[in-house]
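Please treat every number below as a calculation from the coordinates, not as lab data. Note that the structure is predicted; figures quoted are calculated from it, not measured. Please note: Cβ atoms are built from the backbone with ideal geometry, for glycine as well, and neighbour counts cover all protein chains shown.
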Amino acid sequence: MKINASKMATPIEEKVDQNLKTRTGMVMISDGKSKPELARLHLSMEMITIQKQDTTTPAPTPTNATHPPIESKERMVQITRQKVGGLGLSIKGGAEHKLPILISRIYKDQAADATGQLFVGDAIIKVNGEYITACPHDDAVNILRNAGDIVVLTVKHYRAATPFLQKQLSRETPESDNDATCAELKADENWKSVNSSRPVSICSEPENRWIDLVSVPLMMAYVTRYIYGTDKLRPNAFEVRGLNGTTTGIIHCDDLAILSQWLKYITDNVVGLTSLQMKLFNRNFPVGERIEYMGWVNEGVINNHISWQSYKPRFLVLKGTEVMLFDSPPLNVTGLTKANVAYKVYQTMFRVVKESETVDSRQHCFLLQSSGHEPRYLSVETRQELLRIENSWNAAIVTSVIKLGRKTFAVSHHGKTGGLTLDWQAGFSLTEGAEAAVIWQYKFSQLRGSSDDGKSKLKLHFQDHETRTIETKELECHVLQSLLFCMHAFLTAKVASVDPTFLSSIQQA
């Protein structure tokens, strides 16, 4: 029988206590190599915790009903269905008899018996996280038959039913005679003495206790669906790594809808906490030096010794006039001065890589290229994160250009040495001689195009306001790339600064 993979994760439950929201749900956890095991995910605003159930279930024994649980607390038991014998158990009861679904027989050396954790008299409350307490007997049988190859049962032991069901086994009651068995059970003195004062109910709030295995702080945490250091996307799984070096391990969630929910909730909390930290940092800086963006990216690293490109997590910060990359997030204001890589925003090109241009299976990629340096190939986890970086980059461009004000490059014009100045207010101007006499001047809005030879020669095409003719100015510059990147920054900032939508977004931020 095919595994019903979508049942391995349970729906996410939300609780609000004193205005603090927490979310929980069952998932599978592994170290990326061994077989995943069942665990509970607990998410608060500041922490994600992997938990296991604290049970009083006795150690496995060779026989299936010698040592049933003394306390009637809920337990979770995982069974691997066998090709012969299935789950290896039989059930009695059902909603039509106002009885729980009770395990009436466990077959020796078959699947249920092999767990050592299921007993005659156990009531089945959930199958793969779904309640069956309101199911008639036949519906419960069908649910168990179609639950997949790996089945997680939530059970609760009923001591009052055990003696009666054991007696039924010794009498060899036909398995199909559910009605007769239920009628006899309800008439049994032990069952009546336990249930006469209250109705049969196993739908009460679970009494489970949970043990924390590992907790990962979400402040500036790293969330990824990729196998670490590669472009390989994990199928239906992700990992969360904290600043303190802790990791959740690989969280498996075969239900794609639930997987997407967990990723969204966790990422939203990470972004919220990181934004809060960014605001705390910004209290120490004047307007032109504040942080526009902080977050994790992955940098592609070319390695000549292997045939594939590996990736390294980097923490990207856009602050004032600089774009910085860190190996680990800065924890304080001093840490912001210790970047592994720092470029001036106004001398750096940012370009989103089209899907048709990506070098491997990584999606949501972009390039950062600063003049005089090799381009850096970076990627993020989602399209939304890429848009956040792009919007933050445009804001950083405006901030850096306004703070810079003007920038002059040494050029030659018709064989004469001069200076080409980019001025935020005045536009382009060419000066020559010791007295820096202005030879020509144009506003940014007058530029109609440009061309270059990729080495040192540049042509700028301006439109005269009065004659409407195009005037071409030929220049030569030994730092051509730096000049072109700076021109691009000034022009981008000028366009963005007169865009009402962009200005509104900057003011809101």
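Here are some notes:
- Evaluated over segment 385-509, the Cα radius of gyration and Dmax, each in Å: 15.9, 50
- Sequence-distant aspartates and glutamates (8 or more away, or on other chains) whose Cα lies within less than 14 Å of K21: E13, E46, D268
- Label-point separation, I227 to K457 (7 Å along Cα→Cβ), nm: 5.1 nm
- Partners of K416 within straight-line reach, counting lysines whose Cα lies under 28 Å from its Cα and excluding those fewer than 8 residues away in the same chain: K407, K443, K455, K457, K459, K473.
- Sorting the segments 449-455, 136-142, 90-96 by their mean number of nearby beta carbons within 10 angstrom, highest to lowest, gives 90-96, 136-142, 449-455.
- Packing around the peptides 232-238, 489-495, 467-473, taken as the average count of other Cβ atoms within 10 Å per residue, puts them in this order, highest first: 489-495, 232-238, 467-473.
- Hull volume per residue, based on the alpha-carbon atoms of segment 75-167 and their convex hull, is 86 Å³.
- Taking 12 Å as the straight-line reach from the Cα of K167, the aspartates and glutamates in range (excluding those fewer than 8 positions away in the same chain) are E184, D188.
- Added length on full extension, which subtracts the Cα-Cα distance from 0.36 nm per residue, V352 to T133: 73.5 nm
- For segment 285-403, the alpha carbon convex hull comes to 110 Å³ per residue, rounded to a whole number.
- Hull shadow area, averaged, segment 433-498 [alpha-carbon convex hull, nm²]: 5.6 nm²
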